[in-house]
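The values are calculated or read from the model by the stated rules, or taken from the named source; none is laboratory data. If you're wondering where the values come from, they're calculated on a predicted model, not measured in any experiment. Heads up, the Cβs are rebuilt from the backbone with ideal geometry, glycines too, and the neighbour counts pull from every protein chain shown. Ligands, DNA and RNA are stripped out before the accessible areas are found, and what is left, the full protein with its side chains, is counted by its heavy atoms. Shrake-Rupley method; radii C 1.70, N 1.55, O 1.52, S 1.80 Å.
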Amino acid sequence: MKLNERSVAHYATCDSPADHTGFLRKRVERHHHHAHHYGTSYQRRWFVLKGNLLFYFEERESREPVGLVVLEGCTVELCEAAEEFAFAIRFDDAGARAYVLVADGQATMEAWVKALSRASFDYMRLVVKELEKQLEEACKSLAACRKSPRRSSSSGRKRHLSNPALLPLQEKPAILENGYSTWGSGDCGVGGPDHDEGQAKPPPLPPRRRSATGSTTGSPVSGLSPAMMQSPVSPDTVCFSKLHNWYGQEIVALRREWQERQERGHL
């Protein structure tokens, strides 16, 4: 591969953002006839990674790089060396150089290995292929959802029963105040109530039940049967007419008791 030295040097020092930078110690291994020739010592260099090009400078403030490694057809791996935190850039071609680099710490070494492993176009090609596959699967799933018929309202109702907060307005459980059910939002078959902004106005809450002596104790009236004292909170007592009849039974019983006391008082 032929590179224009001036263009490459300009790219190394221009204001384009770098993918990774830092100081590393470097030595070069040369392979000749299956023999390994190692450099005598490590050189501390300032490394700048841009795309798939790894530049290194003598100093951080240097204006021209002293070397360049094109990260294609290579592997980045940890290596056995006398120095700690060492890793190597090795190429598959016979006779190619291998660069042994040493970081200052474990975290620095891991960051460099990750950045260099992701720098090649081969890696980017695999990433793009995987993203295209995910996009294709997402488009197919979306098209299948658009073609499938909508679920019935009954299935949606069953799906939300486990979470009362997700229930539709007419399916929310009745709220009890003073032991009585407040006005429901279901449709009423007899005598529809007034509406305000689409919402039914609730009737006034009934007073607390009073005992035969007239004190507010919350105890049931003796004249009412157990069936009459059952709570109206059920699917059959959502309409106003049925709630009215249920409360009316209590009023009739109280009125009958009052009339009996009046008659006993005149005797």
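Computed values, structure above
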| read-out | value |
| --- | --- |
| Residues being part of a helix (DSSP H, G or I), open to solvent by less than 70 Å² (accessible area, probe 1.4 Å) and not hydroxyl-bearing (Ser, Thr, Tyr) - total across segment 108-127 | 7 |
| Output for segment 90-107, where each listed residue is open to solvent by less than 100 Å² (accessible area, probe 1.4 Å) and small (Gly, Ala, Ser) | GLY95, ALA96, ALA98, ALA103, GLY105, ALA107 |
| Condition met for PHE87 (farther than 20 Å from ASP122 by Cα and surrounded by 15 or more Cβ atoms within 10 Å (Cβ to Cβ)) | yes |
| Output for segment 44-73, where each listed residue is of a type in the set (A, V, I, L, M) and either within 42 Å of the chain's Cα centre (by Cα) or under 15 Å from TRP112 (Cβ atoms) (or both) | VAL48, LEU49, LEU53, LEU54, VAL69, VAL70, LEU71 |
| Any pair with Cβ under 6 angstrom, 6 or more apart, that starts in segment 91-116 at a residue that is farther than 15 Å from LEU54 by Cα and touching a residue at least 12 places away in the same chain (Cβ under 8 Å) and ends at one that is in a helix (DSSP H, G or I) and aliphatic (A, V, I, L, M) | ALA103/MET109 |
| Strands (runs of 3 or more DSSP E) contained entirely in segment 62-102, each with at least 1 residues that are farther than 23 Å from ALA9 by Cβ and not hydroxyl-bearing (Ser, Thr, Tyr) | 74-78, 86-91, 98-102 |
